[in-house]
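Everything on this sheet refers to the single structure shown next.
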Amino acid sequence: MEDSRRDLKDDNLNSLLPDVQVDRRGFVAACIAAGFAVTAEPILAQAISTPMDGLDGGDVKIGDIPAYYAVPKGKGKRPVVVVVPEIWGMHEHIKDVTRRLAKAGYFAVTNEPYFRIGDLTKLTDIKEVIAGANKLSDMQAFEDLDAVVNWAGKHARGDAARLGITGFCRGGRMVWMYTAHNKKVDAGVAWYGSLMPIPPAMPSGPLDVTDKIDRPVLGLYGSADQGIPLDHVERLRAGLKAFGNDRKSTIHVYEGMPHAFNADYRPSYRKEAAEDGWKRMLAWFKKNGVA
C-alpha cells in the first residue's frame, strides 16, 4: 500500500522528503535516542559526528530560548557565527554543524526556533512538522536571533563585532531575511533557502527584500531542487542587481544537486557538493571580515 505521508501534493513540500522508504520498526526510538529529527528519516550510519575534543560549549538557555554553542578551548574572543536550523529545529545535525564551525575557529551558536510551538523533532508526520514550523513569524525569529547575537557578544569568548550567519533549508531563508533585518551582520551563507512568502506568519520572502540585503550573502543552491525552482533563484539575482546589491552578494548553483545536499544524515547528501560548499562558506566569511 502506498504511504500517503510521502506525497504532500506539493513539489515544494515533497522536496523535504527523501526518495527512499525505510523500515519503521524501532526507527523512531533510534532517531530520538540519537538526537535526530524523526521525519527527516536520517541514515544514522552515514551522519558525520564531530566530537567536542578541543572545544568548550554545550546546551545553554538564553533567557527562555534553548541554545547550543561551541568554541575552541583557550582564551581570547572568536568571531561569532550563528547557525539557523532547518524546519526540524535544533537537532543533532545542527549541533554538529555548530561544532564543525567551532573547529574552524569560530564562536558558533545555534538556537531552537520552535520551542514555543513544540518539539518538532519528535513528530512522526512531516505535515505536522511543516505546519508547526510555518507558525513561526519572522518577527519572532528576528527577536530570538537578536537575543542570541547579544548573548554571544557579551560572552567572554564571543566577538559579535565580527558576525556571520549561516542556515539550511528554512534556516537558509532566514539568512537572507535576517541579513536584511540586522545591519550588524558582516556576512551570510544561505544553503538552499526558500525565497517565497509563507503566509500568514511569513508574509514576505527574500525576493521581497532584495533592496535591504546590502550585506554580503553567498547563496548555495541545487539545480535539481524540487522545492526551489531555478526561476526563483534567477529572480533573486535580478532583484539583488536591481538595487546594486549583486556587487556584494553572489549565488552559486550546483548542477544536478537536490535540496539538502549538505545534510549528511539524509539520503539527499551529496559529498562533493557539500564539501565544496563548506569551503566556499569558510572562504566567504574570511573574505568579508568574519575570521
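The values are calculated or read from the model by the stated rules, or taken from the named source; none is laboratory data. Just so we're clear, the structure is a prediction, and the values are computed from it rather than from any experiment. When we count neighbours, we look across all protein chains shown, and the Cβ atoms used for this are built from the backbone with ideal geometry, even at glycine. Side chains included, ligands, DNA and RNA excluded: accessible areas come from the protein's heavy atoms. Shrake-Rupley method; radii C 1.70, N 1.55, O 1.52, S 1.80 Å.
Within the set of pairs 6 or more residues apart or between chains, which connect a residue that is over 18 Å from Asp146 (Cβ atoms) inside the stretch 49-78 to a residue that is open to solvent by 70 Å² or more (accessible area, probe 1.4 Å) and assigned to a strand (DSSP E or B) with Cβ atoms less than 7 Å apart?
Pairs that qualify, where the first residue is over 18 Å from Asp146 (Cβ atoms) and the partner is open to solvent by 70 Å² or more (accessible area, probe 1.4 Å) and assigned to a strand (DSSP E or B), are Val71/Arg78; Pro72/Arg78.
Only one of (1) assigned to a helix (DSSP H, G or I); (2) farther than 16 Å from Tyr106 by Cβ; (3) not aromatic (Phe, Trp, Tyr) is not met by Gly193, so which one is it?
Just one mismatch for Gly193, condition (1).
Before we move on, is Lys279 open to solvent by 10 Å² or more (accessible area, probe 1.4 Å) and under 23 Å from His93 (Cα atoms)?
Values: open to solvent by 10 Å² or more (accessible area, probe 1.4 Å): yes; under 23 Å from His93 (Cα atoms): yes.
Yes: the conditions hold for Lys279.
Hey, can you tell me all the residues within the stretch 227-262 that are open to solvent by less than 60 Å² (accessible area, probe 1.4 Å), among the aromatic types (Phe, Trp, Tyr) and more than 19 Å from the chain's Cα centre (by Cα)?
Correct list: empty.
Only one of (1) at pLDDT below 95; (2) touching a helix residue (DSSP H, G or I) at 6+ places or on another chain (Cβ under 9 Å) is not met by Ala45, so which one is it?
(2)
Please indicate, with yes or no, whether at least one residue in the stretch 198-216 is open to solvent by 40 Å² or more (accessible area, probe 1.4 Å), within 20 Å of Ile87 (Cα to Cα) and among the hydrophobic types (A, V, I, L, M, F, W, C). So that I can check it myself, show each step before the final result.
First pass over the stretch 198-216, keeping only residues open to solvent by 40 Å² or more (accessible area, probe 1.4 Å): 199-200, 203, 208, 211-212, 214-215.
Cutting the leftovers down to within 20 Å of Ile87 (Cα to Cα) gives us 199-200, 203.
Add one more test, that the residue is among the hydrophobic types (A, V, I, L, M, F, W, C), and what stays is none.
The answer is no, given that none of the residues of the stretch 198-216 is open to solvent by 40 Å² or more (accessible area, probe 1.4 Å), within 20 Å of Ile87 (Cα to Cα) and among the hydrophobic types (A, V, I, L, M, F, W, C).
Taking the stretch 136-154 only, how many residues are among the charged types (D, E, K, R) and open to solvent by 30 Å² or more (accessible area, probe 1.4 Å)? Give the derivation first.
Residues of the stretch 136-154 that are among the charged types (D, E, K, R), as a first pass: 138, 143-144, 146, 154.
Those left that are additionally open to solvent by 30 Å² or more (accessible area, probe 1.4 Å): 143, 146, 154.
So the count comes out to 3.
List the number of the failed condition for Thr50; all other conditions in (1) open to solvent by 30 Å² or more (accessible area, probe 1.4 Å); (2) under 30 Å from Ser223 (Cβ atoms); (3) modelled with pLDDT of 95 or more; (4) among the hydroxyl-bearing types (Ser, Thr, Tyr) hold.
It is condition (1) that Thr50 fails.
Would you confirm, using the coordinates I've provided, whether Arg173 is basic (Lys, Arg) and open to solvent by less than 10 Å² (accessible area, probe 1.4 Å)?
Details: basic (Lys, Arg): yes; open to solvent by less than 10 Å² (accessible area, probe 1.4 Å): yes.
Here the answer is yes, as Arg173 does meet what is asked.
Residues that are closer than 19 Å to Asp64 by Cβ: which helices (runs of 4 or more DSSP H) entirely in the stretch 83-174 hold 3 or more of them? Quick ask: steps written out before the conclusion?
Working: elements: 92-103, 126-133, 138-154.
Those helices (runs of 4 or more DSSP H) span 138-154.
Please determine whether any residue of the stretch 176-186 is of a type in the set (Val, Ile, Thr), more than 30 Å from Leu230 (Cβ to Cβ) and surrounded by 18 or more Cβ atoms within 10 Å (Cβ to Cβ). Explain how you work it out, then say what you get.
Taking the stretch 176-186 and keeping what is of a type in the set (Val, Ile, Thr), we get 179, 185.
Then keep just the ones that are more than 30 Å from Leu230 (Cβ to Cβ); that gives none.
Within the stretch 176-186, none of the residues are of a type in the set (Val, Ile, Thr), more than 30 Å from Leu230 (Cβ to Cβ) and surrounded by 18 or more Cβ atoms within 10 Å (Cβ to Cβ).
Say we look at the stretch 85-119 and pick out the residues that are open to solvent by 10 Å² or more (accessible area, probe 1.4 Å) and of a type in the set (A, V, I, L, M, F, W, C); which of these is farthest from Ala34 (Cα to Cα)?
Ala104
Would you say Val233 is touching a residue at least 12 places away in the same chain (Cβ under 8 Å), farther than 19 Å from Arg173 by Cβ and β-branched (Val, Ile, Thr)? Reasoning before the result, please.
Numbers: touching a residue at least 12 places away in the same chain (Cβ under 8 Å): yes; farther than 19 Å from Arg173 by Cβ: no; β-branched (Val, Ile, Thr): yes.
Judged against the criteria, Val233 is not a match.
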